[in-house]
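Everything on this sheet refers to the single structure shown next.
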Amino acid sequence: DTAVSQTPKYLVTQMGNDKSIKCEQNLGHDTMYWYKQDSKKFLKIMFSYNNKELIINETVPNRFSPKSPDKAHLNLHINSLELGDSAVYFCASSRWDSYNEQFFGPGTRLTVL
Amino acid sequence: DAKTTQPNSMESNEEEPVHLPCNHSTISGTDYIHWYRQLPSQGPEYVIHGLTSNVNNRMASLAIAEDRKSSTLILHRATLRDAAVYYCILTQSGNMLTFGGGTRLMVKP
């Protein structure tokens with residue numbers, strides 16, 4: 001069974017479009033995250049979210065928004081896509097203990113044309 | 001979060017031990033040391049973490065200097081499947097991981 005899954009695996013779209021990436025975890029975790037890995041392979045945290053608190057990395061444009069329908073899902077919505085949004089996006093989850101390991105999904109490669 | 005410094009790349013021979021260093025001279029007393037790795041075309045994977053004492057698990061060992069200003073991830077017998085980018089991360093909360101450039105480990109057969 002896949003612990004953290006993401007769909008789609010690949011997403012190709014035009015500039016200006018709005019798109020969503022879905023993430024689901026079956027680990028019973030209460031905290032989920034989104035990370036972005038750019039073409040230079042640097043991984044950056046975008047959001048940390050549990051049912052109590054959303055923490056946003058201040059460098060993330062407000063065109064990006066996380067939506068959590070329930071504890072097992074954290075979807076990423078992106079409005080008005082730009083060329084610079086092209087990257088691999090990883091979802092992760094963990095327990096809301098400070099030092100627990102995070103489990104990452106396989107990633108979604110977004111290409112904006 | 002405090003900054004870490006790692007070599008850009010390292011090479012190892014298969015079935016030999018590998019010592020991956022990490023310097024964190026500005027570490028604070030409450031910073032935990034986490035190691036993750038990222039295999040090609042996969043998401044990052046937790047390896048190990050520690051605070052002051054050396055730690056062992058099924059994947060690796062973590063040796064932490066007495067002054068905590070450096071640490072070493074030890075893979076006891078490298079395999080080809082261990083070829084990955086290894087990240088050393090300091091955090092006061094495991095919930096917000098800040099990844100640096102990491103060390104690309106290449107394992108030769």
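The values are calculated or read from the model by the stated rules, or taken from the named source; none is laboratory data. This one's a predicted model, so the numbers in the text were calculated from it and none came from an experiment. Using ideal geometry, Cβ is built from the backbone for each residue, glycine included, and neighbour counts are taken over all protein chains shown. Keep in mind that these areas ignore ligands, DNA and RNA; they rest on the heavy atoms of the full protein, side chains included. Shrake-Rupley method; radii C 1.70, N 1.55, O 1.52, S 1.80 Å.
Condition check: at pLDDT 95 or above and in contact with a Pro (Cβ under 8 Å, 6 or more places away or on another chain). Does B:SER61 satisfy that? No: the conditions fail for B:SER61.
One residue stands out among those in region A:29-51 that are free of Cβ contacts under 8 Å to residues at least 40 places away in the same chain and open to solvent by 30 Å² or more (accessible area, probe 1.4 Å): the one that is farthest from A:ASN100 (Cα to Cα), which is A:LYS40. Do the conditions hold for B:THR98, that is, is it open to solvent by 10 Å² or more (accessible area, probe 1.4 Å), out of contact with any helix residue (DSSP H, G or I) (no Cβ under 6 Å at 6 or more places or on another chain) and within 11 Å of chain A (Cβ to nearest Cβ)? So B:THR98 passes the test.
Counting only strands (runs of 3 or more DSSP E) that sit completely within region B:26-79, those holding 1 or more residues that are open to solvent by less than 40 Å² (accessible area, probe 1.4 Å) and free of Cβ contacts under 8 Å to residues at least 24 places away in the same chain correspond to B:45-50, B:61-64.
Tell me, please, whether a residue that is out of contact with any helix residue (DSSP H, G or I) (no Cβ under 9 Å at 6 or more places or on another chain), open to solvent by 70 Å² or more (accessible area, probe 1.4 Å) and touching a residue at least 24 places away in the same chain (Cβ under 8 Å) can be found in region B:81-91. Yes.
When the strands (runs of 3 or more DSSP E) confined to region A:1-84 are screened for residues that are farther than 29 Å from B:ARG104 by Cβ, at pLDDT below 95 and of a type in the set (Gly, Ala, Ser), those reaching at least 1 such residues are found at A:64-70. Screening B:VAL18, B:VAL47 for residues that are under 30 Å from A:ALA87 (Cβ atoms) and under 10 Å from the mean Cα position of the chain (by Cα) leaves exactly one candidate, B:VAL47. Any idea which residue in region A:62-94 is farthest from the other protein chains (Cβ to nearest Cβ), counting only those that are surrounded by fewer than 12 Cβ atoms within 10 Å (Cβ to Cβ) and not small (Gly, Ala, Ser)? Top of the filtered list is A:LEU83. B:ILE89 falls short on exactly one of the conditions (1) under 20 Å from B:MET10 (Cβ atoms); (2) in a loop (DSSP other than H, G, I, E, B); (3) within 14 Å of another protein chain (Cβ to nearest Cβ), and that condition is (2).
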